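The values are calculated or read from the model by the stated rules, or taken from the named source; none is laboratory data. What you see is a predicted model; the values in this text were computed from it and never measured. A quick note on method: Cβ atoms are made from the backbone with ideal geometry, for glycine too, and the neighbour counts reach across all protein chains shown. What goes into the accessible areas is simple: the full protein's heavy atoms, side chains included, and nothing from ligands, DNA or RNA. Shrake-Rupley method; radii C 1.70, N 1.55, O 1.52, S 1.80 Å.
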Amino acid sequence: EADSLNCCVLGSDVSPDKPEFDIFIKEVVREITTKAGQKCTAVRRIIVPENRVEEVRAALGKRLALNIIGDPNVEGVRMGSLAGQSQLKEVKEKVEQLSMSQKIIIGDFEKFEVKGADKNKGAFMPPIIFLNENPFKNTDCHTVEAFGPVSTIMPYKNTDEAIQLAKMGKGSLVSSVITADDKMAKQYVLGAASMHGRILILNSNC
């Protein structure tokens, strides 16, 4: 069981035509793929307005499809393997556990390519993205951490819900919010601060 599932929140003011949307997608992909998601600050929960879930899924899917997995010494490779077979086994078990309460919408353990390495010998896995349509009821996404490139998209209706979901991670090292709306940023920071070590606000001006 994890005690710190970090999250990245997309502000309700951000539509796909705004620069903040691209910042959000890049940030989430970077956090999922860096060190193959094996770091304590990796984003495990992707909190988005309910009317943006499909657009976020499409944009993440498109960008993750460009993510080349394999030997980091080979040109173009963006993501290496997990620490070892035992960690791969553990991540698969956690993914299985999470699959009981939510569904995988991006990624497949069987269908992915590896460049410059043996897929069956190395502890390789593709990024796995879940969608949890009812994160207040199906709460494994807030407590079960697959220590690899695994993350869950969850919808929110308003800023109060986004704050509540963020806090359900039982205290995180870091949370980020991507918004150009200072009012929303302030409300989120004040509401979520007590459960986060650090809150990062990102928009096209910073």
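Do any trypsin sites (Lys or Arg not before Pro) in segment 1-45 lie in a loop, going by DSSP, with at most 12 other beta-carbon atoms within 10 Å of their beta carbon, and if so which?
Lys39
From the residues Leu190, Ala65, Gly37, which one has its Cα farthest along the dipole of the chain in the positive direction, the dipole being from +1 and -1 charges on Cβ of Lys/Arg and Asp/Glu about the Cα centre?
Gly37
Going down the table (Lys39/Lys62; Lys26/Lys121; Lys89/Lys111; Lys89/Lys121; Lys18/Lys111), which pairs top 22 Å between alpha carbons?
Lys39/Lys62; Lys26/Lys121; Lys18/Lys111
Please compute, for the alpha-carbon atoms of segment 72-169, the extent along each of the three principal axes and give them in descending order in Å.
Cα extents, longest axis first: 46, 26, 20 Å.
Give the dimensionless ratio obtained when the Cα radius of gyration of the chain is divided by 2.2 N^0.38 Å.
The reported ratio for this selection is 0.98.
Which one, Leu10, Ile178, Val150, is farthest towards the positive end of the dipole of the chain when Lys and Arg carry +1 and Asp and Glu -1 on their Cβ?
Val150
Under a point spin-label approximation (7 Å from Cα along Cα-to-Cβ), what is the Lys103-Arg198 distance to one decimal in nm?
Distance between label points: 3.7 nm.
Accessible area per residue, 1.4 Å probe, Å², for segment 129-206: what's the number?
44 Å²
Lys157: which lysines have alpha carbons under 19 Å from its alpha carbon, excluding same-chain residues fewer than 8 sequence positions away?
Correct list for Lys157: Lys137, Lys167, Lys183, Lys186.
Given the DSSP H assignment, sum -39500 (n - 2.57) over each helix run of at least 4 residues in the chain and divide by its residue total; what's the result at 222 nm in deg cm²/dmol, nearest 500?
Estimated from H runs of four or more residues: -10000 deg cm²/dmol.
How far apart, in nm, are two points set 7 Å out from the Cα along the Cα-to-Cβ line at Gln38 and at Lys62?
Result for the modelled spin labels: 3.2 nm.
Can you pull the percent of the chain's accessible area that's carbon plus sulfur, 1.4 Å probe, other chains left in place?
Roughly 50 percent, rounded to a whole number.
If we sort 160-169, 80-89 on the protection proxy, mean other Cβ atoms within 10 Å, highest first, what's the order?
By packing density, highest mean first, the sequence is 160-169, 80-89.
Taking the convex hull of the Cα atoms, report for segment 19-137 its projected area averaged over all directions, in nm².
Approximately 8.0 nm², given one-decimal rounding.
Identify the GluC sites (Glu not before Pro) of segment 44-94 meeting these criteria: DSSP loop state and at most 10 other C-beta atoms within 10 Å of the C-beta.
Glu75
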